[in-house]
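Quick notes on the structure that follows.
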Amino acid sequence: MSVELPEIQILAEQMTQILLDKKIKSYDLQDFEKLQRVGFINKNRDDYDRLVGCTIKSINYRGNVIHIKMNKKMNLVLCPDYGAEILYHKDRDSLPKKHHLKIEFSDDTFFTIRQTGMGCILAASDSGVKDLYVIKRDFSDTPSPVGEHEFTFERFCELLDAKKQNIKAAIVGRTAIVVGLSNAAFQEIIYKARIHPKRNTSSLDDDEKHDLYDAMKQILNARICSGGKDSWKNLFGEQGRYTPVMGSNMKEKDCPECGARIEMITHGGGQVYFCPRCQK
Ligand SMILES: [Zn+2]
């Protein structure tokens, strides 16, 4: 499953609790060639050598990206876009069989990352980090849908009105007016706002825009408060408790609001589940 802003926030906060001031003793890369070919792992393996001996100084996040800043002018940037298992291990016994990157700290604890879908694990120097595609993409002027006071309803409408585009393109991907969301959050937000997935943003009236803005905040905050989605595990391997209100988990089920059978369309490069009666 995709890792979106709520799960990134949970991971980054847990990493801040447990990883700060830990010193990297060694690392291991496994089974990484496929990710390396598409630029999701550094082309030059030696870049990771420079992480050895570094101490973790801060952890920042935005959108789908976690930026781990170290001393000695080094950084590790994680962007688990299409799914990853990112885990902390207090000893060797709980290490998973497979990883892409394993880090051993000087206190004999571990941190492992395995991408289960496409996504980045990149080592970068202080001078190189700002040029990384995912840093430019998510540490940008595009607002975050939660956690930023400047992202008011008025700002949301301005951005929505500036681009007349399909509702999915406004929420997910390159032309989105917010960072950090993918197809999973999109399905939930428009179901809660009772908006059909094929709508164009230019056709939304003020009430619908309000519903969309409120639905976005409510869905994302509920997911953060419930420890992430129930198909996802946090840094300590604990399952999230949030069940999506719409998505593939609703396949062949009836709408809890109106009883109509949930339908699915392929739209904007993904499967979108929706209620044909509630969503207009
Ligand atoms: Zn319905």
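What follows draws every value from the coordinates through simple rules; no lab data is involved. These numbers come from a predicted model, not from an experiment. Reconstructed Cβ throughout: ideal geometry from the backbone, glycine too, with neighbour counts over all protein chains shown.
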Stretched fully, the stretch from Glu238 through Ser140 gains (0.36 nm per residue minus C-alpha distance, one decimal, in nm) 32.2 nm
What helix-only [θ] at 222 nm does the chain give? Using -39500 (n - 2.57) per DSSP H run of at least 4, over all residues, to the nearest 500, the answer is -8000 deg cm²/dmol
Residues whose built amide H sits under 5 Å from the amide H of Tyr61, excluding neighbours closer than 5 in sequence, are His67
Along the range 80-86, Karplus-curve 3J(HN,Hα) (6.51, -1.76, 1.60; θ = phi - 60°) to the nearest Hz, with x for Gly and Pro, reads x, 1, 9, x, 7, 9, 10
Most exposed first, judged by fewest Cβ atoms within 10 angstrom, Arg261, Arg50 run Arg261, Arg50
Taking every C-alpha to C-alpha distance in the range 132-280 and binning by 10 Å from 0, the per-bin percentages run 11, 40, 37, 12, 1
If the chain between Asp28 and Asp205 were fully extended at 0.36 nm per residue, the gain over the current Cα-Cα distance would be 58.4 nm
Interchain or sequence-distant (5+) residues whose placed amide H lies within less than 5 Å of the amide H of Glu238 are none
Mean-square fluctuation maximum in Gaussian network of the chain, Cα pairs under 10 Å, restricted to Ile265, Ile189, Ile219, hits Ile265
In whole Hz, the Karplus estimates of ³J(HN,Hα) for the range 104-113 (6.51, -1.76, 1.60; θ = phi - 60°; x where Gly or Pro) are 9, 9, 5, 9, 6, 9, 9, 9, 10, 10
Note: the range 171-213 at 4 °C, 1.567 mPa s; Kirkwood Rh on alpha carbon pairs; Stokes-Einstein D in µm²/s works out to 120
Phi angles of the range 146-160, converted by Karplus (6.51 cos²θ - 1.76 cosθ + 1.60, θ = phi - 60°) into ³J(HN,Hα) in whole Hz with x for Gly and Pro, give 10, x, 10, 5, 5, 7, 7, 4, 4, 5, 4, 5, 4, 5, 5
If amide H atoms are modeled at 1.01 Å from N in the peptide plane, then the residues at a separation of 5 or more from Cys54, or on another chain, having amide H under 5 Å from its own are Ile24
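Suppose the chain between Arg174 and Asp214 were pulled fully straight at 0.36 nm per residue; how much longer would it get relative to their current alpha carbon spacing? Write down the numbers at each step before the final one.
On the way: separation 40, 0.36 × 40 = 14.40 nm, distance 2.24 nm.
Result for the pair: 12.2 nm of gain on full extension.
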Cα convex hull volume per residue for the chain, in Å³, equals 131
